[in-house]
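Data block below; observations after.
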Amino acid sequence: MKKALLILIICCLSFPLLRAQHFGDFPKIKKENVLNDLEILYQALDKFHSGMYWYTPKDSVDLAFQAARNEITDDLNVLEFHKLMAPLVALSREDHTNIYLPESIKEKVDATARFIPLTFVFLGKALYCVRNGSNFADFTLEGKQVESINGEVPATLVNTLGSLFASDGYIKTVKYSDLEGFNFSRYYYYYYGQQDQIEIKLKGIKEPIIVPSLNIATIIKNLRERYKKEDDTEDKDPLEYKILSDSIAYIGVHTFSNSDIREQSKEKNLKTFLRNSFRSIEEQKIKTLVVDMSENSGGSEGNEGLMYSYFGENYQKYKKVRANTQKAILDNGVDKPITLKTFGFLERILVNTRQADGSYERKEAIGRGLKAYKKEPEQKFTGKVYVIISPVTYSGGSEFSNMMYSRGLATFVGQETGGGYLGNTSGYSEELVLPHSKIRIYVPALQFVMNVEPKLPIGAGVIPHYEVIPTFEQYSQGVNASLQYILTQLENEK
């Protein structure tokens, strides 16, 4: 079984360069420099990334990197190299491990490349066209389900394009979710290169349509002319509190980022918002609370515990918070060594304990610690709780969901979270710029291992008790399908 897994990984990673693509006129990087960059990438993931081997064994990673080295038989341009290395980064199975093209290359791509002139969304596993940015204004494509693109069905396309970016553990919902909007067209270009035209088969229409690719400037012009009024909507407050009926209230916490809350919310402060909201919930004798975490992709550490404190008893939330090392020196033997650092001096000494293997683990008593929260709030909600989740529920948002799910404090509705149930590797991400390609990788340093009950498969996110996939009409009209489902269910229980 293990041998078969290794062969599968090698085959998947070898496949990209076996198909010829044309990305455009980009300068080549010498073969030896490509190999030197690849060595720096390997060392960064191996030495600094604290969760690199959480889901992918080291021998599998080593074999995958060796397969990639074997593919490099000639000079490559940066987009060819990106296509080869992005699946290697994705082997981290950690969505905080991000990869970016150099800004100059991205600008050139945006100026010269041609893309599928449509935006898309996956609703569940079904792919829909959302907006038509092609030169054919008479095409009625909005809301049409896509059966295939250039002969490939959506499930195959997700596996192919999804190999270019990581998701936590084995969570597939993120692969679908991250291809929303223009991301699908962009990743299609990153994988398949320049396409002169695209054959799209739509459900209910016998013959496929042929859509010529366009540059971004033309696509944007067409979209603005056709959808200007529809896009002119007001931004939603990151913190929402509503009384929905005599016994039902809604709290939407759409971010845990303190800076975003200060800048974008009229509430300005999560702690004050929660205190006032739960005081009102108590005064109004609310019996059922809907907590919407479907847009919460995390933010400032500790806010997930603050939110949880209004529902559950305090306990050790993390089994451990660890870092591989305080300092990793990346040296390919040719270029100037690169140093990645984790903690500042005081945090290393006062907050963490050095282990025998050279790693560091957070102490319990000092700093943020390992407990769920620091202070018990005045109000605790003891009624029925629903939590709305989605593939965007991630990082701190998923940690709150993990605690609530593990402790059995809520009924979950929506789609599997994007953040892993067992925890994540994030915090103190260091930017690594590869010497020759200038591709940037953000490598996370802290592994947060959550203290959760073994209720879900390894590598999964929180799986909802009731899965709700919005229809295209609900999606296009901005309807909260999960909230609608909950309210309908509560009405039926009367």
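The values are calculated or read from the model by the stated rules, or taken from the named source; none is laboratory data. The structure presented is a predicted model; accordingly, all values stated were derived computationally and were not measured. We place every Cβ from the backbone using ideal geometry, glycine too, and count neighbours over all the protein chains shown.
Taking the options ASP95, ASP168, ASP138, name whichever one is acidic (Asp, Glu), farther than 24 Å from SER437 by Cα and buried (at least 20 other Cβ atoms within 10 Å of the Cβ).
So the residue among ASP95, ASP168, ASP138 that is acidic (Asp, Glu), farther than 24 Å from SER437 by Cα and buried (at least 20 other Cβ atoms within 10 Å of the Cβ) is ASP168.
State whether the residues of the range 429-442 include one that is acidic (Asp, Glu) and within 19 Å of the chain's Cα centre (by Cα).
yes
Would you please name the residue that is surrounded by the most Cβ atoms within 10 Å (Cβ to Cβ), looking only at residues in the range 143-165 that are of a type in the set (S, T, N, Q) and touching a helix residue (DSSP H, G or I) at 6+ places or on another chain (Cβ under 7 Å)?
SER163
The rows are residues; the columns are (1) within 20 Å of the chain's Cα centre (by Cα); (2) not β-branched (Val, Ile, Thr).
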| position | (1), (2) |
| --- | --- |
| LYS242 | no, yes |
| ILE248 | no, no |
| PHE256 | yes, yes |
| LYS287 | no, yes |
| VAL291 | no, no |
| ASN296 | yes, yes |
| GLY299 | yes, yes |
| LEU306 | no, yes |
| ASN314 | no, yes |
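Looking at the structure I just gave you, is SER406 out of contact with any Asp or Glu (no Cβ under 6 Å at 6 or more places or on another chain), buried (at least 16 other Cβ atoms within 10 Å of the Cβ), in contact (Cβ under 8 Å) with a residue 40 or more places away in the chain and of a type in the set (Ser, Thr, Tyr)? Spell out how you get there, then give the answer.
On the way: out of contact with any Asp or Glu (no Cβ under 6 Å at 6 or more places or on another chain): no; buried (at least 16 other Cβ atoms within 10 Å of the Cβ): yes; in contact (Cβ under 8 Å) with a residue 40 or more places away in the chain: yes; of a type in the set (Ser, Thr, Tyr): yes.
In short, no.
Count, please, the residues in the range 254-270 that happen to be within 20 Å of GLU283 (Cβ to Cβ) and of a type in the set (Val, Ile, Thr).
Residues that pass the stated criteria total 0.
Give the residues of the range 420-467 that are over 19 Å from GLY298 (Cα atoms), in contact with a strand residue (DSSP E or B) (Cβ under 7 Å, 6 or more places away or on another chain) and outside any loop (DSSP other than H, G, I, E, B), sorted by residue number.
GLU431, LEU432, VAL433, ARG440, ILE441, TYR466
If you check every pair at least six apart or on different chains, which have Cβ atoms under 9 Å apart with a residue in the range 286-306 that is over 21 Å from GLY414 (Cβ atoms) first and a residue that is aliphatic (A, V, I, L, M) and in a loop (DSSP other than H, G, I, E, B) second?
Going by the 9 Å Cβ cut-off, the qualifying pairs are GLY305/ALA372.
For the range 235-270, give me the residue count where each residue is farther than 14 Å from SER294 by Cα and not acidic (Asp, Glu).
Count: 19.
Return the pairs, sorted by first residue and then second, in which the second residue is in a helix (DSSP H, G or I) and among the aromatic types (Phe, Trp, Tyr), the first residue lies in the range 82-94 and is touching a residue at least 12 places away in the same chain (Cβ under 8 Å), the beta carbons are less than 7 Å apart, and the residues are 6+ apart or on different chains.
If the second residue must be in a helix (DSSP H, G or I) and among the aromatic types (Phe, Trp, Tyr), the pairs left are HIS82/TYR190; LYS83/TYR190; LYS83/TYR191; LEU88/PHE65.
Regarding LEU79, is this residue closer than 30 Å to LYS438 by Cβ and assigned by TED's automatic domain parsing to the domain that holds PHE26?
yes
State the number of residues belonging to the range 23-37 that are surrounded by fewer than 21 Cβ atoms within 10 Å (Cβ to Cβ), part of a helix (DSSP H, G or I) and touching a Leu at 6+ places or on another chain (Cβ under 8 Å).
Summing the residues that are surrounded by fewer than 21 Cβ atoms within 10 Å (Cβ to Cβ), part of a helix (DSSP H, G or I) and touching a Leu at 6+ places or on another chain (Cβ under 8 Å) in the range 23-37 gives 1.
So, in the range 360-407, exactly how many residues are more than 25 Å from the chain's Cα centre (by Cα) and either in a strand (DSSP E or B) or of a type outside the set (D, E, K, R) (or both)?
Matching residues across the range 360-407 total 16.
Hey, among THR112, THR97, which residue is touching a residue at least 40 places away in the same chain (Cβ under 8 Å) and over 16 Å from LEU164 (Cβ atoms)?
On the way: THR97 fails: over 16 Å from LEU164 (Cβ atoms).
Residue meeting the stated conditions: THR112.
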